[in-house]
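**Q** Can you keep this structure in mind? I'll have questions shortly.
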Amino acid sequence: MSSDSRPSDDRVQLVLELGLRLRERILPELGRTAGRVHAGDAAGGDITFAVDAIAEDTLVEFLAQRAPRTAFYSEDRGLVADPEATEVLVVDPIDGTRPALAGLESACVAVALAPLGDGKPTMADVHAASVVEIKSGDWFSAVRGEGVRSSRGVALSANTDPRRMFWGYGFRGRPARATVEVLAELIDGSSVGGGTFELGSQAFAMTRIVTGQLDAVIEVGSRLIDEVPGMRAEFERIGDGQVLNNSPYDLAAPWLCLRESGGVVTDGWGEPLDGHRLLGAGHEFQMSSVSAANPELHQQLVRAIDAGLERLLKLRG
């Protein structure tokens, strides 16, 4: 499959069906304390909880029945590929494991499809994607160049004022003091006229822009490591030796859904994510991201992040 081709209808349906099947299996586990048992360490570096193991087993069973020669890359198992595989599914079976363990709604299944090619596809190769909300069952399905469908509808915000924006950011595995310093002016500026949210799932947060519930989502972890001396050691201290920023399996599906809805998604510097490698974990594969409902708001957010990084660097001498 070339980067300019379109997936067949049955492959698009496969992406959504996989998301729905995983949601069906995980739903009874929401909020169960037994799911909090640590079952090991994921290939991506995070803890594998018992509920993650259930989801991963369901992924393997589904693909063995429906698409046995399709490769997959998941958070816990990394790349699993049949020698004859020509396509790869990039799957986060539970994006928002901690909200799922708490029984909250901000947990999703995220699935993206791309040609496997030489084994080094990029974000630009993603052809189809789905995000399925585990608690509600609502879903988003996107095909590159063909828009996004959603059980919730699409309603991007027209707000361009950061002081009035409703937006999300993440703290899991990130040094809180440094993260807040970079985002401080945005947090303070919108705390009364808008609203700030830490939702625990990148896929859930980014698809809130598609629905119009949020105006923006910002995640600056990878940029912090790249620009601030000594910051990687702080991430590794918090992450028990691992860097736990967003990997491609976190971003690929909501990235395509938001782009196809008309929203704007870039890295933390305001550059496209297209060239980033799709299969892998660890800092060299991870991505910061700035997502917004419209270009004007997005530009203001990137400028605010630039200023926040300058403040942080000055404070650290």
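The values are calculated or read from the model by the stated rules, or taken from the named source; none is laboratory data. Everything numeric in this text was worked out from a predicted model, so none of it was measured. Methodologically, a virtual Cβ is constructed for each residue, glycine included, from the backbone with ideal geometry; neighbour enumeration extends over all protein chains shown. Keep in mind that these areas ignore ligands, DNA and RNA; they rest on the heavy atoms of the full protein, side chains included. Shrake-Rupley method; radii C 1.70, N 1.55, O 1.52, S 1.80 Å.
**Q** Pairs of alpha-carbon atoms within less than 8 angstrom and 6+ residues apart define the contacts here; what relative contact order does the stretch 187-301 have, in percent?
**A** Computed over the stretch 187-301, the figure is 32 percent.
**Q** I'd like the carbon and sulfur percentage of the solvent accessible area for the stretch 44-196, probe radius 1.4 Å, heavy atoms only, ligands and nucleic acids excluded.
**A** 49
**Q** Still on this structure, please answer the following. As an exercise, use a Förster radius of 30 Å and the Cβ-Cβ distance of ARG316 and ALA102 to find the FRET efficiency, rounded to the nearest 0.05.
**A** It comes out at approximately 0.30.
**Q** What shape does the stretch 64-160 take by its C-alpha gyration tensor, where a ≥ b ≥ c are the square roots of the eigenvalues and a/c under 1.5 counts as rounded, a/b above b/c as prolate, and the rest as oblate?
**A** oblate
**Q** Taking Cα pairs under 8 Å and at least six residues apart, what relative contact order does the stretch 111-173 come out at, in percent?
**A** Contact order relative to length: 19 percent.
**Q** Explain nothing, just the number: dipole magnitude of the chain about its Cα centre with +1 on each Lys and Arg Cβ and -1 on each Asp and Glu Cβ, in debye rounded to the nearest 20.
**A** For the chain, the charge dipole is close to 600 debye.
**Q** Accessible area per residue for the stretch 185-294 in Å², computed with a 1.4 Å probe and the full protein assembly in place, what is it?
**A** Computed with neighbouring chains in place, this is 31 Å² per residue.
**Q** So what is the relative contact order of the chain, in percent, for Cα pairs below 8 Å that sit 6 or more residues apart?
**A** 19
**Q** By per-residue mean of other Cβ atoms within 10 Å, what is the highest-first order of 290-297, 90-97?
**A** 90-97, 290-297
**Q** Along the positive direction of the dipole of the chain (beta-carbon charges: Lys, Arg +1; Asp, Glu -1; about the Cα centre), which of ILE238, LEU104, GLY194 reaches farthest?
**A** Among ILE238, LEU104, GLY194, the one farthest towards the positive end of the dipole of the chain is GLY194.
**Q** From largest to smallest, what semi-axes in whole angstrom does the stretch 230-317 give when each is the square root of 5 times an eigenvalue of its alpha carbon gyration tensor?
**A** Over the Cα atoms of the stretch 230-317, the semi-axes work out to 24, 20, 9 Å.
**Q** Sum up the charges of everything whose Cβ sits under 13 Å from the Cβ of MET231, counting Lys and Arg as +1 and Asp and Glu as -1, but leave MET231 out.
**A** Here the count lands on +1.
**Q** Determine the per residue accessible area of the stretch 60-147 with all protein chains present and a 1.4 angstrom probe, expressed in square angstrom.
**A** Ligands and nucleic acids excluded, the result is 35 Å² per residue.
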